[in-house]
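*Asks:* Submitted below is the structure of interest, expressed as structure tokens.
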């Protein structure tokens with residue numbers, strides 16, 4: 001079963017959902033959760049600047065924001081009784097997907113849980129999908145968690 005769950009987080013709503021799912025799985029299986037945040041060139045996807053990206057914070061600021069994000073997530077999981085640790089790594093030349101897959105393998109993850117934006121059409125073709133690449137190349141199972149439905153889950157079932 002799952003003993004080591006890796007959860008890459010970025011503070012997005014889908015990342016928050018992945019964190020919730022990982023927490024529930026860890027409570028059911030007694031697994032340890034490792035949170036991972038990757039800091040890299042802001043506004044870049046596969047080496048190309050995104051036109052909608054905000055101005056890039058300096059690397060020191062990005063690290064500080066990443067550490068704060070990890071601390072909040074650790075606190076949330078610890079409050080739920082989940083054994084959790086966290087790591088921040090820097091993206092250099094490798095893609096985010098490659099970093100996550102290599103990190104998961106090196107750490108000995110038995111599952112990766114991550115959010116996916118659910119991009120479609122031209123946006124997916126141009127920007128690609130880190131989640132898709134992680135699911136394609138990871139040696140361990142990958143649980144992809146979609147963004148919250150508009151109006152919340154209860155509104156969708158009503």
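The values are calculated or read from the model by the stated rules, or taken from the named source; none is laboratory data. Here the structure is a predicted model, which means the values were calculated and not measured. As a convention, Cβ positions derive from the backbone with ideal geometry for all residues, glycine included, and neighbour counts pool all protein chains shown.
*Asks:* Looking at 33, 45, 39, which is the one that is more than 18 Å from residue 109 (Cα to Cα), buried (at least 17 other Cβ atoms within 10 Å of the Cβ) and either within 14 Å of the chain's Cα centre (by Cα) or at pLDDT below 95 (or both)?
*Replies:* When all the criteria are applied, what remains is 39.
*Asks:* Determine whether residue 154 is at pLDDT below 90 and either surrounded by 13 or more Cβ atoms within 10 Å (Cβ to Cβ) or assigned to a strand (DSSP E or B) (or both).
*Replies:* Against the criterion (at pLDDT below 90 and either surrounded by 13 or more Cβ atoms within 10 Å (Cβ to Cβ) or assigned to a strand (DSSP E or B) (or both)), residue 154 does not qualify.
*Asks:* Filter the range 83-107 down to residues that are part of a loop (DSSP other than H, G, I, E, B) and in contact with a helix residue (DSSP H, G or I) (Cβ under 8 Å, 6 or more places away or on another chain) and give me whichever is nearest to residue 19 (Cα to Cα).
*Replies:* Out of the qualifying residues, it is 83.
*Asks:* Shifting gears a bit: Residues to consider are 70, 77, 126, 114; find the one that is modelled with pLDDT under 95 and either part of a strand (DSSP E or B) or within 24 Å of residue 27 (Cα to Cα) (or both).
*Replies:* Just a single option satisfies the conditions, and that option is 114.
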